[in-house]
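Worksheet for the structure shown next.
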Amino acid sequence: MLLFQITVSFFIAELSCLRHPIVYGKENLKTSLEKADPPKHREKRWLWGGCGFIPGCEQCNDGLICKKCRPVFTPVEYERNKKKIIRCSRSCPPGYNLTSTREYPKICIRTQFGCSARHCEDCQSHNPVSCANCSQGYYSLQKRVMGNVKCVKKCPNGFTPNVNTDGKMICKDSQSKCQSFVPNCASCLDSVRCRKCKSDLHVFFNKSGMACVQNCPKGFVPADSNYFGKYCKRPLVECRLVSNCERCPDKINCRRCEPRFYKLKTNPLSRAKCVSSCPPGFNRRGRRCQRIKEDGCSDEYCLACKEGWYRVNYNKRHCQRKCPKGFYTLGKKQKFCLRCLARCEECTNGFDCSKCDPGTFKLVQGLHTSCMTSCPFGYTSHGNNKTGRVCTLKRITRPS
């Protein structure tokens, strides 16, 4: 044991002597120390110059994204678990096209997804289950405005077969009703919105829209109106504090003001308050302020318009002789002007645009048309401001 300790001591002394700068030299000493005393924590492999985790990569920030590929390789953008990753390849894979971005002068981007819709020749861009062109003998069916387009041999109930001017066979909504969007609806406002539910149901407005319910949810009480029929509303709370009010039915409204004050209600949904004088646009009548009736309005609050006028909220007016640009007409007895889609100048309904605003692009997706500020990925623009600019789907040519 004593002999072993003496041998180890001589070895350590000899090693220390060799490490001395006079014996070994400063440069060689530094190299020797690095080899003899490696770092305790190994650095990540992608921090090295070779980026070994990404084959063909010359520079990278982490193990997922390569910043610069070697000369014979091209960066390819993939998507995995909703995260972008950049790999290097000698050529673009099938379904990818070579393009350029701010970070990469040349990069392969995916432009074609596998089409999984049945009886379909071409699917829509970035949607492999919605068909753009059905096979011969099949009709295009889109039950919902934002739903996928399916190919069917026969149109279902509520739809009639129709052929467009371009020869495309589609299933058209023959009833143009909203029951597919709002079940148990008795009277529809248009093809997607309900006005009144069936007699034994209540209208309930929630965050997602309108629904017909059997019983009102917690915190709501049933009520009745001529326009909506039975509906759900929040119960009135006892009034505690309304300025200059003599009698009040709830917390924020006033039924009768104190002497020398006048009851003011700017619209049917606003709270009633008490003022010392009527504002412009109102005349004093008894102990309340009455709105001066606008042209075309049939009542004080202009809830309805006279015959031949259209109901619309536009340019601080409620009734117009005709619908302004960007609106479409609805109704026969009571006429309404409803707003078109965004950036649309002329339309016939709320989900199709016939003429877009100047400087925008018309985009056809499935059976519906919208207006965009720029063409989305996978589309190219054609035309000009005079003839109208249109976004068309890119044609991908596979290498022979």
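State whether the stretch 317-385 is rounded, prolate or oblate according to the following rule on the C-alpha gyration tensor (a ≥ b ≥ c being the square roots of its eigenvalues): a/c under 1.5 gives rounded; otherwise a/b larger than b/c gives prolate, and the remaining case gives oblate.
prolate
Could you please report the charge total around PHE73, scoring K, R as +1 and D, E as -1 over all other residues with beta-carbon less than 12 angstrom from its beta-carbon?
Value of the local net charge: +4.
Dividing the alpha-carbon radius of gyration of the stretch 259-400 by 2.2 N^0.38 Å (N being the number of residues), what value is obtained?
Relative to the rule-of-thumb radius for its length, the stretch 259-400 sits at 1.60.
Of LYS332, LYS106, which has the most accessible area with a 1.4 Å probe, and how do the rest follow in descending order?
The ordering from most to least exposed comes out as LYS332, LYS106.
What percentages make up the Cα-Cα pair-distance distribution of the stretch 57-109 when the bins are 10 Å wide from 0?
27, 61, 13
Largest first and to the nearest Å, give the Cα extent of the stretch 295-339 along each principal axis.
27, 24, 13
If you rank GLU346, GLU121 by how much accessible surface each has, with a 1.4 Å probe, what is the order from largest down?
Values: GLU346 90, GLU121 115 Å².
Most to least solvent-accessible, the answer reads GLU121, GLU346.
Compute the Cα gyration tensor for the stretch 350-399, then decide on rounded, prolate or oblate, letting a ≥ b ≥ c be the square roots of its eigenvalues: rounded whenever a/c is under 1.5, prolate when a/b is larger than b/c in the other cases, and oblate in all that remain.
Details: a/c = 2.52, a/b = 1.49, b/c = 1.69.
Cα axes put the stretch 350-399 in the oblate bin.
So how exposed is VAL182, as accessible area in Å² (1.4 Å probe, rounded to 10)?
10
What is the sum of charges around LYS230, taking Lys and Arg as +1, Asp and Glu as -1, for the other residues whose C-beta is under 11 Å from the C-beta of LYS230? Provide the component values of the computation, followed by the final result.
Numbers: positive: LYS196, LYS198, LYS233; negative: ASP200, ASP224.
Summing Lys/Arg as +1 and Asp/Glu as -1 gives +1.
As an exercise, use a Förster radius of 41 Å and the Cβ-Cβ distance of LYS386 and LEU98 to find the FRET efficiency, rounded to the nearest 0.05. All intermediate terms of the calculation are to be shown ahead of the outcome.
Details: r = 33 Å, r/R0 = 0.81.
Efficiency at R0 = 41 Å is approximately 0.75.
Find the Cα radius of gyration of the stretch 245-291, compare it with 2.2 N^0.38 Å by division, and give the number to two decimals.
1.03
Relative contact order for the stretch 316-375: what percent, with Cα pairs under 8 Å and sequence separation of 6 or more?
Relative contact order, the stretch 316-375: 22 percent.
Toward the positive end of the charge dipole of the stretch 295-339, about the Cα centre and with charges on Cβ (Lys, Arg +1; Asp, Glu -1), which of LEU303, CYS323, GLN334 goes farthest?
CYS323
Given the peptides 128-140, 297-309, arrange them by the average over their residues of other C-beta atoms within 10 Å, most packed first. Don't jump to the answer; show the numbers that get you there.
On the way: 128-140: 17.9, 297-309: 15.1.
Result, highest mean first: 128-140, 297-309.
Report relative contact order for the stretch 267-400 in percent, whole number only (criteria: Cα-Cα under 8 Å, sequence separation at least 6). Can you show the working numbers first?
Details: 234 pairs, mean separation 14.7, N = 134.
It comes to 11 percent, rounded to a whole number.
The values are calculated or read from the model by the stated rules, or taken from the named source; none is laboratory data. Everything numeric in this text was worked out from a predicted model, so none of it was measured. Reconstructed Cβ throughout: ideal geometry from the backbone, glycine too, with neighbour counts over all protein chains shown. To get the accessible areas, we keep the full protein, side chains included, count just its heavy atoms, and leave off ligands, DNA and RNA. Shrake-Rupley method; radii C 1.70, N 1.55, O 1.52, S 1.80 Å.
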